[in-house]
1. Where the second residue is within 13 Å of the ligand (Cβ to nearest atom) and part of a helix (DSSP H, G or I) and the first is among the β-branched types (Val, Ile, Thr) and lies in the range 105-134, which pairs have Cβ atoms under 9 Å and are six or more apart or on separate chains?
2. From the list LEU92, LEU88, pick out the single residue that is open to solvent by less than 70 Å² (accessible area, probe 1.4 Å), in a helix (DSSP H, G or I), more than 16 Å from the ligand (Cβ to nearest atom) and closer than 26 Å to TYR169 by Cβ.
3. Considering only residues that are farther than 21 Å from LEU92 by Cα, of a type outside the set (Ser, Thr, Tyr) and touching a residue at least 40 places away in the same chain (Cβ under 8 Å), which ones fall in the range 186-236?
4. Tally the residues that are touching a Cys at 6+ places or on another chain (Cβ under 9 Å) and either within 11 Å of the ligand (Cβ to nearest atom) or on the phi > 0 side of the Ramachandran plot (or both), restricting the search to the range 116-127.
Amino acid sequence: MSALSYICGYGYGSNSDDSDCEIVPRGYKRPKLPTPDLSKVTVIPVCEEHLDDPKQHDGRTRTFPHVRGNWATFVYIKYSDEEGLFELVNNLQSAVVKILDKEPCQRCEDFHISLSKTAVLKYHFISPFTTSLQEALTGLKRINLSFDSVKVYCNDENTRTFIALKVDYSSNKSLQEITSKVDEILDECSLPTFYEDPSFHMSILWVNGNKKRELEDIVENLNDIVAQEIGKSLQNVIVNRVHCRSGNKLFQFSLQ
Ligand code: AMP
């Protein structure tokens, strides 16, 4: 039994309430949990945002409320050459703005490729989760990442539409390998797994609401803009790390 499934039976997914305090019946002896080995995981503290003021984050609506003790967690790949794409993103943004009726089209912050949906973890669940991730990702090879087209995505809640660079066929296969491992871990604890048919991409622009139909009408035009930059500003990049963010903690896992 892995440390993760052990802790699943311990509290998460049980009827324990959502607060930080747990009530333990008198005389109940809690099983001793194995100490997770995080020696190979880099942990970088980052700032956590607690207030849900849409004005402070470009009008974005939080898709689930912040609850103390719940740690929003997701696994992703960080794109290393964000600055190199500055002009390409500007050109795409100009093309998108032309068809929107005065609505803002914003640049995404922190370009990344999601490898999981956002799962909500209890604090005591973070260590076993990242230990399992470390074990699962050990031995996986670094990825030669490239993009080949533009695709429009909408989030599950239909509150935001994204214009994204879709990864090419071979990158998709490599990313699928990582996601399958992450999904196995999530599945062990009945946490939401990634899409059945994952479409790996890097969102670069977003607009409020579901504007998929309008934006798909100009995808050909956006693809022409991208095609001109492939091999120039849009180069292959080597990915040698997978990241996991959980609340205010950032974990990095090395690929070989
Ligand atoms: P991201 O930039 O990774 O947050 O992705 C933008 C949105 O794409 C997310 O809100 C996802 O819900 C959405 N999405 C829709 N369909 C898919 C799919 N098949 N694979 C990955 N993401 C998807």
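The values are calculated or read from the model by the stated rules, or taken from the named source; none is laboratory data. These numbers were taken from a predicted model, which means no experiment stands behind them. Using ideal geometry, Cβ is built from the backbone for each residue, glycine included, and neighbour counts are taken over all protein chains shown. We work out accessible area using only protein heavy atoms, side chains counted, and drop any ligands, DNA or RNA first. Shrake-Rupley method; radii C 1.70, N 1.55, O 1.52, S 1.80 Å.
1. Partner pairs satisfying both residue conditions: ILE113/LEU175.
2. Sole residue among the options that is open to solvent by less than 70 Å² (accessible area, probe 1.4 Å), in a helix (DSSP H, G or I), more than 16 Å from the ligand (Cβ to nearest atom) and closer than 26 Å to TYR169 by Cβ: LEU88.
3. Hits for the range 186-236 are LEU186, GLU188, CYS189, LEU191, PRO192, PHE194.
4. 1
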